[in-house]
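K.L.:
Below you'll find the structure I mean.
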Amino acid sequence: MKAKNNFNENSCQTWFSNLSLKSILLLALVWFNFQAPVQAQELQYTKPSWWFGVAGGANFNFYEGSTRQLSSSFTPPVTFHKADGIGLFVAPVIEFHQPDTRWGFMLQAGYDNRKATFDQVDSPCNCPTDLKTNISYITVEPSLRFAPFKSNLYLFGGPRLAFNTDKSFTYQLGINPAYPNQAPTPEVKGDLSDMNKTILSMQVGLGYDIPLSSQTSKTQFVLSPFASFHPYFGQNPRSIETLNITTFRAGVALKFGQGHLVSMPEEKAVVVADPEVQFSVNAPANEPTQRRVREVFPLRNYIFFNLGSTEIPSRYALLKKEEVKDFRE
């Protein structure tokens with residue numbers, strides 16, 4: 001009975017071990033099958049074709065030519081030539097370019113400041129003179145957009161149509177250093193005369209789109225640093241004298257757009273031709289979870305009697321006395 005009990009315990013442990021391993025494999029298979037459809041069903045959107053946003057930056061302005069007559073009622077004793085300054089640029093942005101194409105269209109329209117401070121000039125009385133101008137426009141800048149590598153890098157260029165909104169100046173005559181006790185001369189402020197109300201020029205530049213959101217979002221955002229060059233020709237702010245302005249602009253645009261849902265392809269039935277070689281796998285027969293073992297021993301050191309009897313049962317083979325000497329295991 002002891003040997004039989006040990007066998008049953010080992011059989012139970014083996015069965016439970018097999019059951020645990022099968023359970024783990026089954027749970028892993030169920031989890032994988034559940035995860036795969038979830039990942040496959042994640043929505044994907046195309047890149048937007050239309051973008052809307054706002055652009056802001058700095059105008060680095062450089063004046064050339066000559067400026068003396070500031071207004072119809074004031075002309076300083078000296079002529080100013082060179083000036084530079086930094087002005088503000090801010091404008092709404094509209095763009096159209098289809099994904100993975102080279103050509104597109106851009107439009108910026110907003111505030112464009114071209115202020116500057118002239119180099120100091122000494123007057124005939126050896127007094128330093130200073131001049132500041134604050135020239136501003138409402139600018140409209142349509143441009144063609146060209147992405148040479150169908151990537152996030154793009155070039156743009158087009159006309160610039162500007163409408164003058166501010167033309168103020170500030171003139172200051174300083175004190176002769178040889179006579180420091182002189183009373184300071186008050187500033188002269190006013191508006192520049194003979195200003196062109198409309199300016200038609202051009203601009204070229206480049207930019208780079210940096211995505212801020214993935215294509216799993218319907219609304220996508222892009223940050224676009226850019227730089228542009230506005231040459232002097234066509235940018236004469238006045239109809240008199242020879243003043244002209246060259247501008248370098250550096251800034252960044254924040255744009256957003258909405259993509260279209262990417263339709264998932266429908267699964268199609270696949271027709272497979274009959275193979276020349278047949279291959280099949282047959283599963284092995286399942287082993288029973290319980291085994292019955294029949295044991296045979298040449299000699300036994302114990303016997304089991306039938307219930308209520310002291311006779312040796314017939315299931316045992318008795319060894320007679322005269323058979324003992326010839327017995328071999």
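The values are calculated or read from the model by the stated rules, or taken from the named source; none is laboratory data. Predicted model, so just to flag it, every value in this text is computed and none were measured. Ideal geometry is used to build each Cβ from the backbone, glycine not excepted, and the neighbour counts take in all protein chains shown. For accessibility, only protein heavy atoms count, side chains too; no ligands or nucleic acids. Shrake-Rupley method; radii C 1.70, N 1.55, O 1.52, S 1.80 Å.
K.L.:
Quick one: how many residues across region 39-68 are in a loop (DSSP other than H, G, I, E, B) and either open to solvent by less than 80 Å² (accessible area, probe 1.4 Å) or closer than 30 Å to T216 by Cβ (or both)? Working first, answer last.
P.N.:
Applying the first criterion (in a loop (DSSP other than H, G, I, E, B)) to region 39-68 yields 41-44, 46-49, 65-66, 68.
Filter again for either open to solvent by less than 80 Å² (accessible area, probe 1.4 Å) or closer than 30 Å to T216 by Cβ (or both), leaving 41-44, 46-49, 65-66.
The number of residues fulfilling the criteria is 10.
K.L.:
What tally of residues in region 174-195 results from selecting those that are modelled with pLDDT under 95 and in a strand (DSSP E or B)?
P.N.:
Summing the residues that are modelled with pLDDT under 95 and in a strand (DSSP E or B) in region 174-195 gives 0.
K.L.:
Still on this model: Got a sec? Which of L88, L131 is surrounded by 13 or more Cβ atoms within 10 Å (Cβ to Cβ) and under 25 Å from M202 (Cβ atoms)?
P.N.:
Working: L131 fails: under 25 Å from M202 (Cβ atoms).
After ruling out the rest, the residue left standing is L88.
K.L.:
Looking for something in a loop (DSSP other than H, G, I, E, B), modelled with pLDDT of 95 or more and open to solvent by 70 Å² or more (accessible area, probe 1.4 Å) - is there at least one such residue anywhere in region 196-209?
P.N.:
First pass over region 196-209, keeping only residues in a loop (DSSP other than H, G, I, E, B): 196-197, 209.
Keeping just the survivors that are modelled with pLDDT of 95 or more gives 196-197, 209.
Narrowing the set further to residues that are open to solvent by 70 Å² or more (accessible area, probe 1.4 Å) leaves 197.
Checking region 196-209: at least one residue is in a loop (DSSP other than H, G, I, E, B), modelled with pLDDT of 95 or more and open to solvent by 70 Å² or more (accessible area, probe 1.4 Å).
K.L.:
Residue pairs, Cβ under 7 Å, 6 or more apart or interchain, first in region 205-231 and among the basic types (K, R), second open to solvent by less than 60 Å² (accessible area, probe 1.4 Å). List them.
P.N.:
Listed by first residue and then by second, the contacts come to K218/Y45; K218/G259.
K.L.:
Here is a further query. Can you pull out every residue in region 69-99 that is under 30 Å from C125 (Cα atoms), outside any strand (DSSP E or B) and either in contact with a Lys or Arg (Cβ under 8 Å, 6 or more places away or on another chain) or not hydrophobic (A, V, I, L, M, F, W, C) (or both)?
P.N.:
From region 69-99, those under 30 Å from C125 (Cα atoms) are 69-85; that's our starting set.
Among the residues that remain, those that are also outside any strand (DSSP E or B) are: 69-70, 72-73, 75-79, 81-82.
Listed by number, the residues that qualify are Q69, S72, S73, T75, P76, P77, V78, T79, H81, K82.
K.L.:
Sticking with this one: Filter region 73-117 down to the residues that are closer than 24 Å to F248 by Cβ and of a type in the set (F, W, Y) and list them by number.
P.N.:
Initially, region 73-117 is screened for residues closer than 24 Å to F248 by Cβ, giving 80-95, 104-117.
Of everything in region 73-117, those that are closer than 24 Å to F248 by Cβ and of a type in the set (F, W, Y) turn out to be F80, F89, F105, Y111.
K.L.:
Test of understanding: among P142, P124, which residue is modelled with pLDDT under 95 and of a type outside the set (A, V, I, L, M)?
P.N.:
Details: P142 fails: modelled with pLDDT under 95.
Of the residues listed, the single one that is modelled with pLDDT under 95 and of a type outside the set (A, V, I, L, M) is P124.
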